[in-house]
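Comments concern the structure below.
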Amino acid sequence: MLRINDTIFSTDILEKKFSCCLEMCLGNCCRYGDSGAPLADDEVEILSEIWPSVKPYLRPEGIKTIEEKGTSVIDSDNDHVTPLIDNMECAYTFLKNNIFMCGIEKAWNDGTIKFRKPVSCHLFPARVKHFTGFTAVNYEELAICSAARENGDADSIYVYEFLKEPFIRMFGEKTYNELCLAADELKRRAG
């Protein structure tokens, strides 16, 4: 483990390789899981505000689910999450070439909204858990991401490198730079 200020990073973040390969996994991280994408309190409010702008990007079954359940729901762990269509894929998805894509991010890419997507989605496959006095960041190694691990190995891209933008979004550039220095030191020692 690596501690930077009040955040503890799993060394898997620094040592494992990962790079998404949507053509192989078909966006299954948006399709399979125990519940919807975890949401921060401010994101619950943001989803409610941007709903009218995101709606045109979604499939009819996603629109129906959100209209019935709301722009966010409470899961079995009492956390705010995105709603799911038939307890499967995120209601905010659309299909492009049989790949599950994020309608929120598409609206952001088009300049329709200023919110990119929930930070938990942006950080995947890293998972962030807040505790009293510190935050833990772990790498979640899932079977659905085997192509991403192979792709990361082939291109020699580490998890922390793949997640540069969302790590900076969540923790700031200074913390990300310290993470890179720690990774370089680990590589040097293994060397």
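Quick notes on this structure:
- Pairwise inverse Cα distances across the range 102-150, averaged and inverted, put the Kirkwood hydrodynamic radius at 12.9 Å.
- Over 28 Å apart at the Cα level, from the set Lys16/Lys64; Lys129/Lys174; Lys17/Lys174; Lys55/Lys174; Lys96/Lys187, are Lys16/Lys64; Lys55/Lys174; Lys96/Lys187.
- Neighbourhood charge, 14 Å Cβ-Cβ cut-off, centred on Arg127 and excluding it, Lys, Arg +1 and Asp, Glu -1: -4
- Quarter the surface of the alpha carbon convex hull of the chain and you get the mean projected area, 11.4 square nanometres.
- Applying both filters, DSSP loop and at most 11 other Cβ atoms within 10 Å, to the trypsin sites (Lys or Arg not before Pro) of the range 102-191 gives Lys114.
- By other beta-carbon atoms within 10 Å, ranking Ser35, Ser146, Ser120 with the fewest at the front produces Ser146, Ser35, Ser120.
- Rounded to the nearest 0.05, the FRET efficiency derived from the C-beta distance between Arg3 and Asn109 at R0 = 41 Å is 0.70.
- Contact order, relative form, for the chain: 32 percent (alpha carbon pairs under 8 Å, 6 or more residues apart, mean separation divided by residue count).
- Phe94 versus Leu22: modelled label distance in nm, points set 7 Å from Cα along the beta carbon direction: 1.2
- Compactness of the range 83-182 is given as radius of gyration and Dmax, 15.3, 44 Å, from Cα positions.
Bear in mind that the values in this text are calculations on the coordinates, not laboratory data. A quick note: this is a predicted structure, and the numbers were derived from the prediction, not measured. Ideal geometry is used to build each Cβ from the backbone, glycine not excepted, and the neighbour counts take in all protein chains shown.
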